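Computed from the coordinates by the stated procedures, all read-outs in this text should not be read as laboratory data. What you see is a predicted model, and the numbers here were worked out from it, not measured in a lab. Methodologically, a virtual Cβ is constructed for each residue, glycine included, from the backbone with ideal geometry; neighbour enumeration extends over all protein chains shown.
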Amino acid sequence: MNSQKEQLFANSAHPLNWYEVAKLMHENAHSLQNMPQGLVTCNDGVNSITRPTSNRSVFLLAAFALENLIKAFLIYENPQYIRGGKLSRQLLNGHSLSKLQKKCKKIPSPKRTLYVFETLEMGVNSWARYPCATSIDRESVERTVTPEFWSAYSNVFELYSKKLEILLSKKWHGPYGEAGYVTFE
């Protein structure tokens, strides 16, 4: 039998709430990406790299936005992941976006969009969060959020958002059998 606290926890972990956090992070990444910003140029005597000062922040926010969006899908597909007053280990396996994406059955175009997740994953697990990679075996070269990559990321976010909204608009059964749906306007 579930307690009232467990039910409240499950309500707070509803896929819609994961989606709302994902949208907030996406909107913040979008704002940073589009605002005037300074530049940093690194020169090692041979090569010179120039990037916007907000590059890491944009990269991290985009990665975490997609991570939360994927977790909304996973909870939609597996409501037991939010049962018992805690999040399942299936949701807390680090920031391997490509592994999370591969666990989802209802996401659109998984193979076509995988490279966006893999690119963000490389940054979130090394240079975007830390000043270097976490080990010599990991890539530590900072990538710049190019207009082409930003467009690809934005398209994936939009594609996944539309699909999730369609799913949430249908009847969904939570971890304790409660049924409901969401209306988007």
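Multiplying the residue separation of residue 53 and residue 111 by 0.36 nm and removing their Cα-Cα distance gives an extension gain of 17.7 nm. The dipole here belongs to segment 4-180: it is taken about the Cα centre, uses +1 on the Cβ of Lys and Arg and -1 on the Cβ of Asp and Glu, and is about 680 debye.
Computed from the C-alpha gyration tensor, the three semi-axes of the ellipsoid equivalent to segment 4-180 are 33, 17, 14 Å, from longest to shortest. Taking the Cα atoms of segment 43-133, the ratio Rg/Rh between the radius of gyration and the Kirkwood radius comes to 1.09. In degrees between 0 and 90, to the nearest 10, how far off the longest principal axis of the chain does helix 55-77 point, with axes built from Cα atoms? With rounding to tens, the tilt is 20 degrees. For segment 107-161, the Kirkwood radius over C-alpha pairs fed into Stokes-Einstein at 20 °C and 1.002 mPa s yields D = 176 µm² per second. Label positions at residue 159 and residue 41, each projected 7 Å from the Cα along the C-beta direction, are separated by 3.7 nm.
The gain in end-to-end length when the residue 144 to residue 169 segment is fully stretched comes to 5.3 nm, 0.36 nm per residue minus the alpha carbon separation. Compared with the alpha-carbon gap, the fully stretched path from residue 99 to residue 133 is longer by 10.3 nm at 0.36 nm per residue. With a Cα cut-off of under 21 Å and a minimum spacing of 8 residues unless on different chains, the lysine pairs in segment 90-185 number 21. With unit charges on the beta carbon (Lys/Arg positive, Asp/Glu negative), name the residue among 14, 79, 100 whose Cα is farthest towards the positive pole of the charge dipole of the chain. So the residue furthest toward the plus end is 79.
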